[in-house]
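Notes to accompany the following structure.
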Amino acid sequence: MKSFTLSSDSAPKPSFLDGLNPQQKEAVTHTDGPLLIVAGAGSGKTRVLTFRIAYLLQQFKAAPQEILALTFTNKAAREMKERIVKLIGDSAHQLWMGTFHSVFSRILRVEAQALGFGKDFTIYDTSDAETLIKQILQELNYDPKQIKPRTIQYKISDAKNQLVTPELFSKKFIGSTLDDITAKVYKIYKQRLKESNAMDFDDLLVLPIQLFEEDPDILEKYQDRFRYVLIDEYQDTNHAQYKVTQLLSQKHRNLCVVGDDAQSIYSFRGADISNILNFQNDYSDAHQVPLEQNYRSTKSILKCADSIIKKNEKQLEKTLWTEKDYGEPITLLENYDERDEANRVAQYIQKIKGQDGINFNDFAVLYRTNYQSRVLEEAFRRHKIDYQLIGGLSFYQRKEIKDVLAYLKLLVNPYDETNLIRIINEPSRGIGQKSINDIRTSARQDGIKVWDLLEQVEETTIYRPAKQRIREFVDMMNGFRESLQAQASLHQLTRELLDKSGYMKMLLDEQSHESLMRRENILEFINAISYYEKQQKNPSLSAFLQEISLITDSDKFDENKPAVTLMTVHGSKGLEFPVVFVVGLEENLFPVGAKEGFDVDIEEERRLFYVAITRAQERLYFSHCSSRFKYGEEQRQMRSRFIDEVDASVVRTETGATIRQRSDRFLSTNTSNDHTRPTRSSTKSSSSGTIEYDIPSAGPSYKSYSSLGKIDYDLHEGNDPFVVGAQVVHQKFGIGKIMSRTGSGSQTKVVVFFKDRGQKKLMLQAAPLSIID
DNA sequence: GTGCTCCATTTTTTT
DNA sequence: AATGGAGCAC
């Protein structure tokens with residue numbers, strides 16, 4: 001229906017567009033046809049999107065429910081919607097806004113039947129999917145040590161995002177054993193998901209495409225429903241996302257994409273930068289609007305960002321500029337280790353907070369990997385700094401929550417085998433691994449679902465004592481399923497379920513700090529259900545479960561909470577803070593080091609660094625350590641090459657000195673140095689009682705502790721050829737490359753990446769290694 | 001079938 | 001440092 005109203009009091013005034021610069025105005029008012037907005041960092045992109053949608057509504061181009069806006073997080077969608085509500089009125093609540101995954105899961109709920117799924121399908125997160133793949137590999141008798149489920153999972157996910165079906169996969173990729181295995185697993189995996197009435201994250205994108213291609217009527221229905229399609233963060237869409245939006249918009253051709261190729265940082269999950277680079281090839285009549293004025297950062301910060309991104313080869317032409325002043329220079333913090341680093345950051349936060357009169361929520365600390373947050377948290381607690389941690393192990397991934405969820409998912413969908421197996425013996429009720437395996441094999445042989453076999457367990461040859469337990473379990477679940485259908489209160493039902501299943505008792509009996517935490521988490525989860533029930537007009541367990549499957553970490557970021565934000569650089573996309581610390585700027589951390597099956601895409605790492613820099617409004621700090629605990633062991637760290645790449649004119653050390661950079665860092669033997677040696681802030685020694693750098697080394701010139709990160713080179717000068725980067729051959733493992741080196745003298749260990757065997761850690765003294773020239 | 005201890009492996013990044 | 005799996009004793 002096209003009828004909708006604008007509430008007169010909040011309708012846009014004539015001055016609606018006045019606050020926009022000419023480029024922004026153009027992006028807002030160019031309503032029809034394909035449009036590419038190349039929005040540099042901090043160029044007011046969200047504002048443009050918001051106004052653009054408001055403008056479409058105001059100009060009666062479309063009703064709210066005819067506009068589809070795909071954002072990167074649910075939070076972004078929510079906020080944008082609220083802003084539009086303020087401009088246009090309550091009708092804006094009808095807009096279709098959300099992440100790709102949440103919007104299409106909503107559509108799939110309606111159309112599931114056409115695809116042979118039930119409406120109450122379960123969404124498998126990455127760990128559910130991994131469990132299933134592990135299970136399949138086991139059934140196929142592969143050793144999980146040799147064939148890592150994770151590897152297969154990545155390959156399948158890649159295939160899905162490229163819209164490669166199992167059939168196509170087995171035709172296309174033959175020869176390599178890994179591909180052969182993937183082909184087999186992929187085929188079974190897909191069947192299993194369907195039998196379990198479950199979809200993984202990729203399916204939420206791929207299945208709509210399948211649906212639209214198989215059924216032109218359904219496609220047309222959605223083409224007509226979504227007369228205007230907008231996509232934010234277009235540089236991070238993958239092929240499936242590209243395809244599905246292309247299908248949706250090809251009738252009305254009102255596709256507006258916004259993005260910045262310089263900020264493309266998700267290629268590891270299939271994001272394809274060429275989507276944005278080729279937009280104008282795909283749509284020859286596409287209009288392009290660049291947003292180049294930056295409203296966020298000082299000139300120093302912008303200059304720094306620009307100098308970094310210029311090191312990359314391919315990018316769309318654009319130059320960001322700002323009217324702001326240079327502001328403060330960027331400060332480089334040089335630390336001994338990560339504890340030192342965390343303390344220094346904490347001290348700076350307190351100092352700046354007092355000096356500038358700003359709040360904790362004006363600060364963010366950004367890092368490359370989640371595990372770096374731990375030391376920061378400790379330091380912040382010591383310094384009485386409130387913080388909010390975004391990311392890492394999220395609430396919904398905790399074991400106890402996943403368990404409760406498994407029970408609930410099983411109520412909604414009895415065929416969800418992965419979750420059934422997860423909790424059939426949790427708490428233990430005498431149904432052990434043997435019985436479970438028997439049940440699965442037997443069900444597979446009879447060609448029936450596991451749940452259906454359990455329903456008639458008496459007729460099977462399952463281990464006798466287990467039968468009784470299974471019967472009780474099945475009856476219990478069926479009982480709850482009935483109350484669910486009878487519209488029982490959800491949170492109450494959950495409580496009873498946890499009670500009757502013995503799950504709560506199990507935690508109560510445990511009497512540990514751990515189990516107390518788990519119980520608290522579960523109570524918090526029940527509160528979340530209550531809240532959902534209250535707030536929803538017609539709440540359903542199934543909808544609730546689907547919704548929380550798609551909650552993202554950044555959705556819980558609260559900019560008004562008076563706390564310092566700790567998050568990964570990935571998580572910080574789209575956000576801004578007056579003061580930003582980028583920590584852990586070290587080789588093999590940021591940029592990350594190579595791993596088996598994964599080459600480092602250095603350009604992407606550089607874009608990631610670019611994203612980190614451009615989060616900052618006023619002050620920016622870079623930080624690195626010369627030593628860091630990794631794998632529970634102290635490791636030497638080399639300063640990140642990125643510090644050598646930035647425009648040095650805007651960076652100062654803590655003492656205000658200009659920073660020294662090496663342009664020929666990988667050749668240099670120069671040991672001159674104008675740094676002072678960082679001091680240890682604590683002398684906690686390892687259990688062996690040794691501190692590496694204090695031990696006289698066998699190699700020459702070790703003690704000439706020169707500029708940070710140079711140690712590795714000095715160490716390996718002279719007659720020791722086993723330097724980082726050297727090609728080596730091992731008697732058993734074959735050809736490899738030295739990735740890192742720790743310890744000294746007879747304790748020297750090297751991590752070698754072998755072409756055929758992956759990464760191994762070896763004692764240099766003992767390993768049969770020799771150098772290849 | 002359960003539960004404990006020892007060990008190996010992990011640490012990109014996320015919907 | 002922390003988790004999960006394998007192997008072993010009960």
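Between A:Glu510 and A:Arg225, the contour length at 0.36 nm per residue exceeds the Cα-Cα span by 97.2 nm.
Its alpha carbons give segment A:298-387 an Rg and a Dmax of 16.2, 47 Å. In terms of other Cβ atoms within 10 Å, A:Arg628, A:Arg227 run from fewest to most in the order A:Arg227, A:Arg628.
Backbone amide hydrogens, once placed in the peptide plane, bring A:Arg639 within less than 5 Å of A:Glu587, A:Gly709, excluding anything fewer than 5 places away on its chain.
For chain A, the share of DSSP beta bridges that are antiparallel, to the nearest 5, is 35%. What the Cα atoms of chain A give is an Rg and a Dmax of 28.4, 82 Å. The count of lysine pairs in segment A:275-418 that are at least 8 places apart or cross chains, and whose C-alpha atoms lie under 14 Å apart, stands at 7.
Sites listed here are trypsin sites (Lys or Arg not before Pro) in segment A:341-388 whose DSSP assignment is loop and whose Cβ has at most 13 other Cβ atoms within 10 Å: A:Lys384. Working note: Debye formula, equal point scatterers on the alpha-carbon atoms of segment A:375-529, no solvent; log10 I(q)/I(0) at q = 0.08, 0.18 Å⁻¹ is -0.30, -1.12.
Values of log10 I(q)/I(0) for segment A:433-490 across q = 0.20, 0.29, 0.30 Å⁻¹ run -0.73, -1.16, -1.21, by the Debye formula with one identical scatterer at each alpha carbon and no solvent. Note that segment A:231-378 carries a Kirkwood radius of 18.9 Å, evaluated over its alpha carbons pair by pair.
Of all alpha-carbon pairs in segment A:559-607, indicate the percentage at a distance above 14 angstrom. Of the Cα pairs, 61 percent sit more than 14 Å apart.
Annotation: segment A:111-206 has a Kirkwood hydrodynamic radius of 13.6 angstrom, from the mean reciprocal C-alpha pair distance. Computed over the Cα atoms of segment A:39-194, the ratio of the radius of gyration to the Kirkwood radius (Rg/Rh) comes to 1.13.
Relative to the Cα centre, the charge distribution of segment A:549-599, modelled as +1 at Lys and Arg Cβ and -1 at Asp and Glu Cβ, gives a dipole magnitude of about 140 debye.
All C-alpha pair distances within segment A:505-584, sorted into 10 Å bins from zero, spread as 13, 29, 29, 25, 4 percent across the bins. State which entries of A:Lys187/A:Lys449; A:Lys187/A:Lys595; A:Lys160/A:Lys556 exceed 20 angstrom in Cα-Cα distance in the structure shown. Pairs exceeding the cut-off: A:Lys187/A:Lys595; A:Lys160/A:Lys556.
Just to verify a number: FRET efficiency for A:Thr151 and A:Gln246, C-beta to C-beta distance, R0 = 41 Å, to 0.05? Taking R0 as 41 Å, the efficiency between A:Thr151 and A:Gln246 is 0.85.
Values in this text are rule-based calculations from the coordinates and carry no lab data. What you see is a predicted model; the values in this text were computed from it and never measured. Don't worry about glycine lacking a Cβ; one is built from the backbone with ideal geometry, like all the others, and counts go over all protein chains shown.
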